[in-house]
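Contents: one structure, followed by commentary.
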Amino acid sequence: MPAVVRGGRRQSSVQPSRRGAGPKKGGRGASGKNAPAIPGKMAAIGRLDLSPRAVVIAIIAGVALLGGVLATGARAERIGASISGGMDRLALGMGLELKRVRIVGASAEAEPAVRRALALQQGLPITGLDLDLLRDQVQAVGWVKEARVVRLLPDTLIVEVKEHDRLAVWQENGRIRVIDGAGQVIAGADARRYPGLPLVVGKGADQAAADILPLLAQRPRLMSRVDAVVRVDERRWNLRLKDGGIIQLPAVEQEAALIRLDALDQRERLLDLGFPRIDLRTPETLAVRPSDGEA
């Protein structure tokens, strides 16, 4: 069909389709007419690093900053004290109040010292007690070897005590003290209250007593006659008898020497003869000194 010319301009009867045609370079498409513009500051958010690692670092930095702010001017201490006081009041309101302290395993002599070390009063919130601190205070008492502190809700504190064993009374330079099986002096123990304990005398007797006393305890007839066990030159023992006699033991093989003494005593009633000195220092030999001074 021939083109129609109007007004001197030639127009084609078929117009090219613009559907699907993209916008010209540098132009704005039809869809862009109604799209809102993005402000510059908001657009910058899209460029932030919001990876998990960055978020964790930001949280840690915030916590550190908060801690620094709270610590300034002792605010942290005041806040902590306020929280602690509130918890104590809450505990007391719930009936969690200290009313009884039971001490288990302590002797009558040691219990007062244990109570003084605890320094507790009725009416304290039992949940606020520092059990580790209380245990350390009890173990600082000279009588106590080990201690355990347990809360029994709602109102009871139990203190279990294991005391040092009493091995002997140790005399040195005019002082008398009670020692345990390890030779340790039991602070606060009054030696005059233990007349039944064996007496060991001299420098080093405290550390060596645990070796000789069990050997003597196995021989009740001999032990009943012993007044004191005396350490000589920190290397051997003399047994001082109640009748004034002396039994000299060797520095080594003390048990073998006591076995020889037992055998002679059973056969000859040696301990009844009143010898002022019985010398067991030479192996396989026993020498006695009669009262008249003759060997």
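Looking for whichever is modelled with pLDDT of 90 or more and of a type outside the set (S, T, Y) here; the options are R78, R89, R47, R115. Which one fits?
On the way: R78 fails: modelled with pLDDT of 90 or more; R89 fails: modelled with pLDDT of 90 or more; R47 fails: modelled with pLDDT of 90 or more.
Every option except R115 fails the conditions.
Residue pairs, Cβ under 9 Å, 6 or more apart or interchain, first in segment 163-185 and of a type in the set (F, W, Y), second open to solvent by less than 10 Å² (accessible area, probe 1.4 Å) and part of a strand (DSSP E or B). List them.
W170/V178; W170/I179; W170/V200
Can you tell me which of E268, E253 is at positive phi and of a type outside the set (F, W, Y)?
Working: E268 fails: at positive phi.
Selected residue: E253, the only one of E268, E253 that is at positive phi and of a type outside the set (F, W, Y).
Could you run through segment 260-295 and say how many residues are outside any loop (DSSP other than H, G, I, E, B) and exposed (fewer than 12 other Cβ atoms within 10 Å of the Cβ)? Give the derivation first.
We begin by selecting, within segment 260-295, every residue outside any loop (DSSP other than H, G, I, E, B); these are 260-268, 270-272, 277-279, 287-289.
After this cut, where a residue has to be exposed (fewer than 12 other Cβ atoms within 10 Å of the Cβ) as well, the list is 266-268, 272.
Going through segment 260-295 one residue at a time, the tally reaches 4.
Counting just the residues of segment 178-199 that are open to solvent by 50 Å² or more (accessible area, probe 1.4 Å) and not in a loop (DSSP other than H, G, I, E, B), which one comes out farthest from V229 (Cα to Cα)?
Filtering segment 178-199 for residues that are open to solvent by 50 Å² or more (accessible area, probe 1.4 Å) and not in a loop (DSSP other than H, G, I, E, B), the one farthest from V229 (Cα to Cα) comes out as R193.
Test of understanding: among G196, G181, G204, which residue is more than 21 Å from A256 (Cα to Cα) and either of a type in the set (A, V, I, L, M, F, W, C) or within 29 Å of the chain's Cα centre (by Cα) (or both)?
Testing whether each residue is more than 21 Å from A256 (Cα to Cα) and either of a type in the set (A, V, I, L, M, F, W, C) or within 29 Å of the chain's Cα centre (by Cα) (or both) leaves just G181.
Can you tell me how many residues within segment 200-233 are part of a loop (DSSP other than H, G, I, E, B) and open to solvent by less than 30 Å² (accessible area, probe 1.4 Å)? So that I can check it myself, show each step before the final result.
First, pick out the residues of segment 200-233 that are part of a loop (DSSP other than H, G, I, E, B): 202-204, 218-219, 224-225, 233.
Remaining after also requiring open to solvent by less than 30 Å² (accessible area, probe 1.4 Å): 202, 204, 219.
Final tally of qualifying residues: 3.
Condition first: surrounded by 15 or more Cβ atoms within 10 Å (Cβ to Cβ), outside any strand (DSSP E or B) and not β-branched (V, I, T). Now tell me which residues in segment 134-177 satisfy that.
Answer for segment 134-177, where residues must be surrounded by 15 or more Cβ atoms within 10 Å (Cβ to Cβ), outside any strand (DSSP E or B) and not β-branched (V, I, T): L134, R135, Q137, Q139, G142, W143, H164, R166, L167.
The values are calculated or read from the model by the stated rules, or taken from the named source; none is laboratory data. Note that the structure is a prediction, hence the values are computed from the model and not measured. Here the Cβ is made from the backbone with ideal geometry for all residues, glycine too, and neighbour counts use every protein chain on show. Ligands, DNA and RNA are excluded from the accessible area calculation, which covers all protein heavy atoms including side chains. Shrake-Rupley method; radii C 1.70, N 1.55, O 1.52, S 1.80 Å.
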